[in-house]
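Okay, structure first, notes after.
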Amino acid sequence: MEIRPALVRATHLKNYISALRDIGAPVGRELSKSRLPPRVEETPDLYVSLPLAFEWIARTGHDCEPMELGLLAAQKASMSSLRPALQTAIMTAQTGLMRLEALATLSRFEDSVLVMTVRQEADDVRVICNMVGVDRHPFVCIGEWLNVQGIISVVRSVAGPSWCPSELSFMSSSRPAGAVHLAFPNTRILVGQPHTSVVIGREHLARLTFDPAVSTPDPLASLASLASVASGAAQDAAPEAWEFVNLMRMLIQPYFNDGRFDVAVAAELAGMSTRTLQRRLKMCGSSYSQVLQEARFQLACTHLEEPSLKVIDIAMMTGYESSQHFTRAFRRFTGVTPSQYRKQSLNGNSLINQASG
């Protein structure tokens, strides 16, 4: 079975952090002792290790059952946590079923191991949302709840805020806490199942709908835009190659301004040995030093498109010792200085597509 990094956008971790603070858990202290990026709340669009997040949440909120922790975080979640292009793709779809299909198609840009499918079953629709590779993690229910809540939020956008599913199933064997039954009193809750899923009556998904707050007339353009942003220049490479290499870039980006980040640490976070990581990168036509350089470049380009950030600050945020070192490295990689890149980017001539895949 292929080993691949399990990553999730850091913005989703903020829901758990908020829930943990509500119950009085020592979030700051536990975060400083964890392998998660210490400033994870300040980088919502970067990605963090999903297994590390599960373990940290369970340890920090040990006074609550994992099933209840997942529910508490899910209750704080909303579609506003999704990338804007994904929100638009969902909300411009004309029926509930089409909205679910848009979510299923694009959910992998939020969670690298999430596989979501929509299945027709007699008078119902079952939406399956499995996290491949971490589905047997002892605290997987923590993540299952957020995925389930995403589906519920989409259905409620057409069926109304009080809608509840007829059935929720979880791969986790954790027993549902009393809070779960209070939140879903008329819902059948199953655990230890082959899939994580939500069952929805077909009648709730057929109604035509339109959200006047969403003005984008072409949802397909939004889908294309999101896919382009997510895959970057790597989209022209072989799918398996760019996917693994791109995931490794995303895995290490949150750690750049926290000191040296060597291949052994990257391998540990990716859930594999150093030798396996190096072998996989070689099979993809890459190396760890190349991934490190490309990840720095991509992150630097993103920051340079924010006019309020100074070049010296960006150098520190991407792990360079000085602005001069950063400028030399950036110029070697792109042929232009960071300031020249910023000027061209603000004029609509971004060089991001010149990055190596």
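The values are calculated or read from the model by the stated rules, or taken from the named source; none is laboratory data. It should be emphasised that the depicted structure is a prediction, and the values quoted were computed from it without experimental measurement. When we count neighbours, we look across all protein chains shown, and the Cβ atoms used for this are built from the backbone with ideal geometry, even at glycine. Each accessible area value is taken on the protein alone, full model and side chains, heavy atoms only, with ligands, DNA and RNA left out. Shrake-Rupley method; radii C 1.70, N 1.55, O 1.52, S 1.80 Å.
Here are some notes:
- Working from label points 7 Å from Cα in the Cα-to-Cβ sense, the Glu203 to Glu321 distance is 7.1 nm.
- Residues with amide H under 5 Å from that of Val191, placed H, sequence gap 5 or more: Phe170
- Carbon plus sulfur fraction of accessible area for the chain, probe 1.4 Å, in percent: 52 percent
- The Cα atoms of the chain give a gyration tensor whose axes a ≥ b ≥ c have a/c of 1.5 or more with a/b greater than b/c, which makes the shape prolate.
- Heavy-atom accessible area per residue - the chain, 1.4 Å, Å²: 46 Å²
- Residue range of the chain that is longest and free of GluC sites (Glu not before Pro) which are both DSSP loop and sparsely packed (at most 14 other C-beta within 10 Å): 3-304
- Approximating the spin labels as points 7 Å out from Cα along Cα→Cβ, the Thr117-to-Asp22 distance works out to 3.4 nm.
- For Val113, the amide hydrogen comes within under 5 Å of the amide hydrogens of Leu7, counting only partners 5 or more places away or on other chains and with H modelled in the peptide plane.
- Full-stretch length increase - Ala264, Glu305 - with 0.36 nm per residue and alpha-carbon distance subtracted: 11.6 nm
- For a modelled paramagnetic label at Leu190, 7 Å from Cα along Cα-to-Cβ, the residues of the range 103-123 in reach, with backbone nitrogen under 15 Å, are 119-123.
- Close amide H pairs (under 5 Å, H built 1.01 Å from N) link Asp124 with Arg202, residues at least 5 positions away or on another chain.
- Dipole of the chain [Lys/Arg +1, Asp/Glu -1 at C-beta], most positive-end residue of Thr302, Gln75, Gly24: Thr302
- Hits among lysines - C-alpha to C-alpha of Lys310 under 23 Å, sequence gap 8 or more where chains match: Lys343
- Value of [θ]222 nm, deg cm²/dmol, for the chain, DSSP H segments ≥ 4, -39500 (n - 2.57) each, nearest 500: -15000 deg cm²/dmol
- Within straight-line reach of Lys76, meaning a Cα separation under 27 Å, sit the following lysines at least 8 residues removed in sequence or on another chain: Lys14, Lys33.
- Exposure check, 1.4 Å probe, all protein chains in place: Arg83 carries approximately 40 Å² of accessible surface.
- Added length on full extension, which subtracts the Cα-Cα distance from 0.36 nm per residue, Thr337 to Arg175: 52.7 nm
- Take the Cα of Val132, step 7 Å toward its Cβ, do the same at Gln75, and the gap between the two points is 3.4 nm.
- Positive-pole candidate from Met91, Ser169, Leu247, dipole of the chain, charges at beta carbon: Leu247
- Residue with peak Gaussian network fluctuation, the chain [Cα springs, cutoff 10 Å], from Ile128, Ile314, Ile90: Ile314
- GNM flexibility winner over the chain from Ser339, Ser153, Ser273 (Cα, springs under 10 Å): Ser339
- The charge dipole of the range 1-96, taken about its Cα centre with unit charges on the Cβ atoms of Lys, Arg (+1), Asp and Glu (-1) only, comes to about 260 debye.
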